[in-house]
Each structure stands twice: as structure tokens, then as C-alpha cells.
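Below: the structure, in C-alpha cells.
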Amino acid sequence: MNLLWGAYRLATAGAGVIAPAARFAVSAPERALWPERLGQAGGSGPVDAWIHAASLGEAVAATAFADALERRAPGARLHFTATTTSGRTRLQARGPASLAPLDSPQAAGRFLARLKPRRLFLLETEIWPQWLLGARRAGIPAAAISARLSSRTLRRLAWLGRDLRQLVAGLEAVLCHGQEDRERWLALGARPERTVVTGNLKLDALPARAAYVGARRQALGLDRHRPVLVLGSLRPGEAGPLGVAWSTLKPGLRAEWQVVAVPRHPRTTEALRAEVAPLEEQGTREWKWEERIGVLTDYYTVADVAFVGGSLVPVGGHNPLEPAACGVPVVMGPHIHAQRESVLLLQRAGALECVEGAALSATLALLLSDPSERARRGDAARQAVDAMRGVADRAVEQLARWALWPAA
């Protein structure tokens, strides 16, 4: 047995022992939900599928996937889990949902015994060994849906050796985002005959442009008549360069636009605002800062231009398809490795630019001053995304082909 694998198994078993007392170390909102972390989900089984989505973005994709499952099997009983409370809240609007159990044999065992799922569907990069071991012992087929795997994650997981490879080989299906993801999953041990590309599930859950843009802007606290630049999912270190780019625009052009800045994590808002504080005389004082969680999509539906963050700093970028689906031209920085396929799709369509420094200033100046160029890029963005939809139905069709759905 690989030493790291053995250490992981031992550590998670130990964590399962002390987990009941650990509720005193978490925040008050999560403390109330701590029984769910211990595997004590509400409701009872059997359920036809346990669908796990890590956070809010994956929760939106899980909804599209669940719709496709139910089209194939009306009346199917589904139970959702999420790692984050925001994801849990979103999923509860769709059906029974709870916080994901800890990856300990005790919590996983309680959850599986309580819900008795007939299938386990894990979205994106959710590889939890104790869950998979528990599912294997219970004879529950497991599959990775809309599966992603970065080169960094592959390197980290490879340290767990042959035991993890065997666990991954036991997955009954690995339905990947793209070809690069497929190659990485194969390197991790997935079976070639059960590993295929079906696409990014988030495409089916993407929004459309607001039907009544002016009224929707007003509802969001914006001027209904002025165009909107959205700075979405900002990370520390990004507001400053964007503020500099904004300050290079002609004052008359800046006065025409309204800017909404949405931090990726609300707790970083103060630091981000401090980055642009020296530029207040150049108009950053008028920027609207949005700290609520889960409203970025609403702003994209009324935007005219969008910058997508996590890309001016080496995070890898956040999802550019959300604004693109709303017919919004997209600007990003150079760090896009986490979104490479989506970025390439939009670049080929002429709907996205990756720029920094002086080029960032020039690109914003062009898009904010040229309505025809905005319209051209926005139409190209929307058409590129629309051509890729239908992922959920393709995924469920593949599951049905392998007799993995409907659940027996």
C-alpha cells in the first residue's frame, strides 16, 4: 500500500472519530448544519441518485443535469449535496439537499446507510476516496459527470499511487469536459472504454440576456439607460490594474458608463477597494461594489462589456461563458489555464480577448467607445455558446447507453 494512501485512510478515519466535537470550531451557521457533515442528511432512502456539486457554480450545473435525468426517468428520487452552504441553498430550490458528508468512513457510511442511493454522480473534480470506497462496498455504481482535472490536481493525486488508480478505475463512467480532461483522467486510472467527452455541463445552465434590460438594471440599483461594465469574480491584485486602465479612458467616456465590481469572495472587498482608492479622482469612486453572493449572473444579464477575474493574477480564470451566453463581449487577463477550452472557444469566435497592461486599457477603450464592435463580439459570444448547449442530455444519453440510468 502506498504510504500516502495509507496515511490518508488513517487520517480520515481519525477525523471521523473527532468530527462530532469539531462542530464547536466552525461558524455558527455551519454549526447548525453540522449533523449533515456527519452524514445525517434529512430524509430517507432509497433514492435513485446522489448528485454531488461542490459549490454554487456546480450547483447550477447539477440542476440542468437533474432535469435531464428526470426527462429520461420521470419521478426519479434525487438527493443533492454541496460542499458549501451557498451551493446547498441553491440546490434546495431544486430538491432535497444537504451539506456533503465529510470524507471519513464514519460520515460516508452513515450517509450511504441513510439514503441508500442507487447511483452516485460526482460533478467536475470531486474525488472523495472514502465516499468511493463506501459506494464500492455497497455495490453502488459511481460516475464522474462533466469531469474536469487540471494538471496540478493530477500531479497531486498521483502521489496517492496505485490504490487511488484502482478506485478511479472502478468508476463506471467518466464524462469529461474536453479532450485534455479525458487524457488526464486516463492518466489517473480511468478506464478508456468508459471515459468519453460529453462537454461542460455548465453550458446548459447558463443564463440568457434579460428580456427587459432597463427594468432589470433598475431592479439591481443601476441607471436603466447607461451602459454597464461588469468586473466579475475579482481577486486581490486585480482591482488596481483595472482601475489604472479605467483611469486612462477619456473623462467623457467614463461618464457615459457605470461600473459594477463583484469580488469573488466578499471578504476581500475592502482590500480590493483599497487598490483603487488612489484613483478616485479618475472615477473609481463611482464604481458600485456588490458583496452579495450569487448575484453576479444577474449583472451579466444586463451588462454591455464584462471583465472576468482570476485572470490578471495566477489563479487560472473564472468562467467566461456566463457573460458570453448573455451576448456580452468578454475581456480577461493572461492567466486562463483553468478555463482554457472555454477561452479558446470564445477566442476562435472573436468574442474574447486576453490582455493586460496597456493592451487592457486599449481593449476597454475600444469596446466602451464602439457600439458596433460590442454588438459584433456580443453576438459572436452568444452564438458560440448556443452551439455548445445540450450537454446534459448527451451525458444522460451516454449513461443510458451504459445501463447506468435509469437506476435499476
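The values are calculated or read from the model by the stated rules, or taken from the named source; none is laboratory data. Just so we're clear, the structure is a prediction, and the values are computed from it rather than from any experiment. Methodologically, a virtual Cβ is constructed for each residue, glycine included, from the backbone with ideal geometry; neighbour enumeration extends over all protein chains shown.
Which ones in segment 280-290 are buried (at least 16 other Cβ atoms within 10 Å of the Cβ) and more than 27 Å from residue 87 (Cα to Cα)? Residues satisfying the conditions are 282, 283, 284, 287. Restricting segment 195-233 to residues that are at pLDDT below 95 and in a helix (DSSP H, G or I) leaves a set whose member that is nearest to the chain's Cα centre (by Cα) is 202. Of all residues being surrounded by fewer than 21 Cβ atoms within 10 Å (Cβ to Cβ) and closer than 27 Å to residue 204 by Cα in segment 153-172, which is nearest to the chain's Cα centre (by Cα)? Just the residue, please. Among residues in segment 153-172 that are surrounded by fewer than 21 Cβ atoms within 10 Å (Cβ to Cβ) and closer than 27 Å to residue 204 by Cα, the one nearest to the chain's Cα centre (by Cα) is 153.
Could you go through segment 286-304 and let me know if any residue there is over 19 Å from the mean Cα position of the chain (by Cα), closer than 16 Å to residue 361 by Cα, of a type outside the set (Ser, Thr, Tyr) and part of a loop (DSSP other than H, G, I, E, B). No, the conditions are met nowhere in segment 286-304.
Let's see how each residue does on (1) surrounded by 20 or more Cβ atoms within 10 Å (Cβ to Cβ); (2) touching a residue at least 40 places away in the same chain (Cβ under 8 Å):
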residue	(1), (2)
278	no, no
292	no, no
299	yes, yes
311	yes, yes
322	yes, yes
326	yes, yes
331	yes, no
334	no, no
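Per the listing 390, 357, the residue uniquely on the phi > 0 side of the Ramachandran plot, more than 24 Å from the chain's Cα centre (by Cα) and either modelled with pLDDT of 95 or more or not charged (D, E, K, R) (or both) is 357. Residue 124 meets each of the listed conditions (1) of a type outside the set (Val, Ile, Thr); (2) out of contact with any Phe, Trp or Tyr (no Cβ under 7 Å at 6 or more places or on another chain); (3) surrounded by fewer than 19 Cβ atoms within 10 Å (Cβ to Cβ); (4) at positive phi apart from (3).
Apart from one condition, residue 272 fits all of (1) buried (at least 21 other Cβ atoms within 10 Å of the Cβ); (2) among the aliphatic types (A, V, I, L, M); (3) at pLDDT below 95; the exception is (3). Condition first: under 17 Å from residue 242 (Cα atoms), of a type in the set (A, V, I, L, M, F, W, C) and crowded, with 19+ Cβ neighbours inside 10 Å. Can you find one or more residues in segment 368-381 that meet it? For segment 368-381, residues under 17 Å from residue 242 (Cα atoms), of a type in the set (A, V, I, L, M, F, W, C) and crowded, with 19+ Cβ neighbours inside 10 Å: present.
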